[in-house]
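Trainee: Mind looking over this structure? Questions follow.
The values are calculated or read from the model by the stated rules, or taken from the named source; none is laboratory data. Please read these numbers as outputs of a predicted model, since none were measured by experiment. As a convention, Cβ positions derive from the backbone with ideal geometry for all residues, glycine included, and neighbour counts pool all protein chains shown.
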Amino acid sequence: MHTEKIKEINGKQLYDSFMSGAHRIFENQRLLNKINVFPVADADTGTNLASTMRSIIQSSQPHQNLKISAVSIADAALTGARGNSGIIFAQFLYGFSNELKAKEAITVEDFAESMRSAVNYAYDAIANPVEGTILSVIKDWADHLCQVKENWDDFKLALVEAFDKASESLK
């Protein structure tokens, strides 16, 4: 089966990716709550991320322009963020939207660099960042994406590899 490479993504594709990702969070909410044991075993990460993603679904708008879609997604996340994981993720998205230039689309390489910068926004938003939390997972994911960005000109392949790294980070 031949699939076409995705060499860049535009605002509509970014928006659609978030809609798809939101549904995956909803499907795995209980699992995310179950594995939430550090720094406090309060079993609410899945619930908080689902609440944040629900806000993105309800309040963000797709646009062909990447920056406009990213800002809409980040604003919706910030408005609906709940709990530490929701707030951290919303700040990460805010950082991503701030890093983007007013472009229609972005390449894997530029996306990776924007993700790395977005991690810094998330860390800076927390008074006392703790490793071993969602911060560590997004940091490991973004760092790995930056390490492999020149190896891939296809978003699908780069993101699958970075996802594998994020999965390792959870262990």
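Trainee: Scan the stretch 129-152 and give yes if some residue there is assigned to a loop (DSSP other than H, G, I, E, B) and closer than 24 Å to Phe26 by Cα, otherwise no.
Mentor: Step one: of the stretch 129-152, the residues assigned to a loop (DSSP other than H, G, I, E, B) are 129-133, 149-152.
Restricting the remaining residues to those that are closer than 24 Å to Phe26 by Cα gives 132-133.
Scanning the stretch 129-152, I find at least one residue that is assigned to a loop (DSSP other than H, G, I, E, B) and closer than 24 Å to Phe26 by Cα, so the answer is yes.
Trainee: Next up: Does Ser59 count as surrounded by 19 or more Cβ atoms within 10 Å (Cβ to Cβ) and modelled with pLDDT of 90 or more?
Mentor: Values: surrounded by 19 or more Cβ atoms within 10 Å (Cβ to Cβ): no; modelled with pLDDT of 90 or more: yes.
No.
Trainee: On to the next question. What are the residues in the stretch 24-42 that are over 14 Å from the mean Cα position of the chain (by Cα) and at pLDDT 90 or above, if any?
Mentor: Narrowing the stretch 24-42 to residues over 14 Å from the mean Cα position of the chain (by Cα): 26-42.
Answer for the stretch 24-42, where residues must be over 14 Å from the mean Cα position of the chain (by Cα) and at pLDDT 90 or above: just Glu27.
Trainee: Only one of these is modelled with pLDDT of 95 or more and part of a helix (DSSP H, G or I): Ile9, Ile68. Name it.
Mentor: Values: Ile9 fails: part of a helix (DSSP H, G or I).
Selected residue: Ile68, the only one of Ile9, Ile68 that is modelled with pLDDT of 95 or more and part of a helix (DSSP H, G or I).
Trainee: Given the structure, is Phe92 hydrophobic (A, V, I, L, M, F, W, C), surrounded by 19 or more Cβ atoms within 10 Å (Cβ to Cβ), in a helix (DSSP H, G or I) and in contact (Cβ under 8 Å) with a residue 60 or more places away in the chain? Before the answer, list the steps.
Mentor: Values: hydrophobic (A, V, I, L, M, F, W, C): yes; surrounded by 19 or more Cβ atoms within 10 Å (Cβ to Cβ): yes; in a helix (DSSP H, G or I): yes; in contact (Cβ under 8 Å) with a residue 60 or more places away in the chain: no.
No: the conditions fail for Phe92.
Residues checked against (1) part of a helix (DSSP H, G or I); (2) surrounded by fewer than 15 Cβ atoms within 10 Å (Cβ to Cβ):
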position: Lys101; (1), (2): no, yes
position: Asp110; (1), (2): yes, no
position: Ala158; (1), (2): yes, no
position: Asp164; (1), (2): yes, yes
position: Ser169; (1), (2): yes, no
